[in-house]
Amino acid sequence: MRRLIEAIERVPETASFGRVTGVQGLLVEISGPETAMAIGARVMIDRVGGGLLECEIAGFRDGRALCLPFGPLTGIRLGCRAVFRAHEAVVRPCAAWLGRVVDAGGRPIDGKGPLPDGAAAHPLKQAPLAAHGRARVGAPLDMGVRALNTFTTICDGQRMGIFAGSGVGKSVLMSMLATNAEVDVAVIGLIGERGREVQEFITDYLGEEGLARAVVVVATSDEAALMRRQAAYLSLAVAEHFRDAGQRVLLMMDSLTRFAQAQREIGLAVGEPPTAKGYPPTVFSELPQLLERAGPGLPSSGSITGLFTVLVEGDDHNEPIADAVRGILDGHIVMERGIAERGRYPAVNILRSISRTMPGCVPEAIRPVLGRAREMMSVYADMEELIRLGAYRKGSDPMVDRAIALHPAFEAFLGQGRAEKTTIAEGYGRLSDIVGAGGAAGLT
């Protein structure tokens, strides 16, 4: 009864409505009372033949609201009635959402029945926590993946980017992290994902164990730009709910690039000028607003450790979105096609990846080991082409000889099966054995 009373109280006493005055592309122009029109407000349009189309006000022109739809424009004609909603979009997640798959509107799409509402309402789009009131980044977080635990150590509340082209194993890496990471809750946002791969990711990669402590938010590539953008906002809102409940949350979003592309469609539709690669200015203002919502919470609450994938176009790691995101996050993990092609997964390029909490979060005794390992990998990378061509003669340089001898062990260390899990301590021990075998004198 309490929830029913609360729902009744949220129903507005009066309703303001307008009429559709024009449609151009995906843009719907609506005339109505000026007091009812506000940026971000929702509008429900009566379709011809029945049914409602939800839209969001994205701008104004000549006294009319410029609206973008959450679905197809089928059944919309001039003069259709449009009802303005006064309240902002909110979501009410709770612990019963764990193990469920929802769409960008928070509606269940897994066939497991309706979702209960929690007591607290969380706006889909809200300002990040005040910087001066937040706790600091916490202790190292065991992710279960050797390459990340040792060379790009992620701390509790840190935000990292995973930069990769298509088809290099991002989804498999995300499933490993969702299953193995030492966190309380995982929130996974699949933004603009291929419809075929959603069920595959949930069933084959994530599995029952990973899904049991996760909430999966899905907006496939065929859905409207507003739905794809809202899926990112909903993922953050759900993560914030569990963070405020004092839990450690792992938020994984795949991908920020598709969020930016959705915002590009929205911005261009309402007349924003295109800038770098066609992205309007709002894309670069929305990215920090979204990403800053992740991170440490208040001292008395939990944290959101964020992992955001960036789909680099044409394997260009300096394209506008990758460049902007790299400057906002606390580090980046670079996955390369060449490494995947030679069969080493996860295909992480250690030399191009960095965690900005290192070396401060690494035990002092391990820092020389990591430095020596990176040095050997760098030496091998510099000489790799000559080595493969047979142009390097053994004995020419003791450092190169040692790097060649250690290379197979490093490759075996960085490679890891999907069902395999390695703790931080185990990774440090194994790496110390490898580096020690290559000459302990280099550690002093």
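When only alpha carbons are used to place a centre, region 199-265 and region 138-180 end up 16 Å from one another. Rounded to the nearest 20, the Cβ-based charge dipole of region 1-85 about its Cα centre (Lys and Arg +1, Asp and Glu -1) stands at 180 debye. Computed over every Cα-Cα pair of region 1-90 and binned at 5 Å starting from 0, the pair-distance distribution P(r) comes out as 3, 14, 26, 23, 15, 9, 5, 2, 1, 0 percent. Extension gain, residue 90-residue 110: 0.36 nm per intervening residue step, less the Cα-Cα distance, totals 5.1 nm.
What GluC sites (Glu not before Pro) does region 276-368 have in DSSP loop regions with at most 13 other beta carbons within 10 Å? Please list the in-between numbers first.
On the way: sites: 286, 292, 313, 336, 341, 364; in loops: 292, 336, 364.
Of the GluC sites (Glu not before Pro), the ones in loops of region 276-368 whose Cβ has at most 13 other Cβ atoms within 10 Å are 364.
In vacuo Debye scattering of the chain, one point per C-alpha: log10 I(q)/I(0) at q = 0.07, 0.10 Å⁻¹? Debye intensities relative to I(0), on a log10 scale: -0.41, -0.76. Between the C-alpha center of region 120-134 and that of region 60-97 there is a gap of 24 Å.
Please check: in the Gaussian network model of the chain (C-alpha springs, under 10 Å), which one of 82, 119, 65 has the largest mean-square fluctuation. Greatest mean-square fluctuation among the candidates belongs to 119. Here the gap between residue 292 and residue 35, fully extended at 0.36 nm per residue and compared with their Cα-Cα distance, gives a gain of 89.4 nm.
Rounded to the nearest 20 debye, the dipole size of the chain about its Cα centre is 300 debye, using +1 on the Cβ of Lys and Arg and -1 on the Cβ of Asp and Glu.
Using only side-chain charges placed at the Cβ, +1 for Lys and Arg and -1 for Asp and Glu, the dipole size of region 365-441 relative to its Cα centre rounds to 120 debye.
For the chain, the share of DSSP beta bridges that are antiparallel, to the nearest 5, is 55%. Eigenvalues of the alpha-carbon gyration tensor of region 220-369, scaled by 5 and square-rooted, set the equivalent ellipsoid semi-axes at 28, 23, 14 angstrom, largest first.
Hey, how much of the P(r) for region 75-198 falls beyond 18 Å, as a percent of Cα pairs?
Values: 5340 of 7626 pairs.
Cα-Cα pairs in region 75-198 separated by more than 18 Å: 70 percent.
For region 90-358, the solvent-accessible area with a 1.4 angstrom probe is 34 square angstrom per residue.
As a length-normalised measure over Cα pairs under 8 Å and 6 or more apart, the relative contact order of region 1-110 settles at 27 percent.
For region 365-441, the spread of Cα positions along the three principal axes, ordered from largest to smallest, is 39, 30, 16 Å.
Based solely on its DSSP helices, what 222 nm [θ] is calculated for the chain when runs of n ≥ 4 H residues each add -39,500 (n - 2.57) and the sum is averaged over all residues, nearest 500 deg cm²/dmol?
Numbers: 13 runs with 151 residues, N = 444.
For the chain, the value works out to -10500 deg cm²/dmol.
Projecting the Cα atoms of 391, 349, 380 onto the charge dipole of region 348-401 (Cβ charges, centred on the Cα centre) puts 349 farthest toward the positive pole.
What length, rounded to one decimal in nm, is gained on full extension from residue 119 through to residue 222, with 0.36 nm per residue of separation minus their alpha-carbon distance? Before the final figure, lay out each step's value.
Details: separation 103, 0.36 × 103 = 37.08 nm, distance 3.28 nm.
That works out to 33.8 nm of additional length.
Bridgeable lysines around residue 277 (alpha carbons under 28 Å apart, same-chain partners fewer than 8 residues away excluded): 125, 170. Out of 294, 260, 373, any idea which swings most in a Gaussian network model of the chain, alpha carbons joined below 10 Å? Highest fluctuation among the options: 373. GNM remark for the chain: springs join alpha carbons under 10 Å apart, and the peak mean-square fluctuation among 217, 23, 325 falls on 23.
Ordered by solvent-accessible area of protein heavy atoms (1.4 Å probe), largest first, the residues 393, 248, 388, 92 come out as 393, 388, 248, 92. Projecting the Cα atoms of 120, 417, 21 onto the dipole axis of the chain, where Lys and Arg carry +1 and Asp and Glu carry -1 at the beta carbon, places 120 farthest toward the positive end.
Per residue, the average separation of C-alpha pairs within less than 8 Å and at least 6 apart gives region 93-218 a relative contact order of 33 percent. Unpaired cysteine residues in the chain (no second Cys Cβ under 4.7 Å): 80, 94, 155, 361. Accessible-area rank, largest first, for 432, 396, 175: 396, 432, 175, with all protein chains present and a 1.4 angstrom probe.
Which value, in Å² rounded to 10, gives the accessible area of residue 241 with a 1.4 Å probe and all protein chains present? Surface accessible to solvent at residue 241 totals approximately 40 Å².
Mind checking the per residue accessible area of region 1-85 for me, 1.4 Å probe, whole number of Å²?
Values: 4960 Å² over 85 residues.
Roughly 58 Å² per residue, with all protein chains present.
Cα centroids of region 19-58 and region 388-425: 60 Å apart. Entry note, the chain: relative contact order of 16 percent, from Cα contacts under 8 Å with a spacing of 6+ residues.
The values are calculated or read from the model by the stated rules, or taken from the named source; none is laboratory data. This structure is a prediction, so every number in the text was calculated from the model and none was measured. Methodologically, a virtual Cβ is constructed for each residue, glycine included, from the backbone with ideal geometry; neighbour enumeration extends over all protein chains shown. Keep in mind that these areas ignore ligands, DNA and RNA; they rest on the heavy atoms of the full protein, side chains included. Shrake-Rupley method; radii C 1.70, N 1.55, O 1.52, S 1.80 Å.
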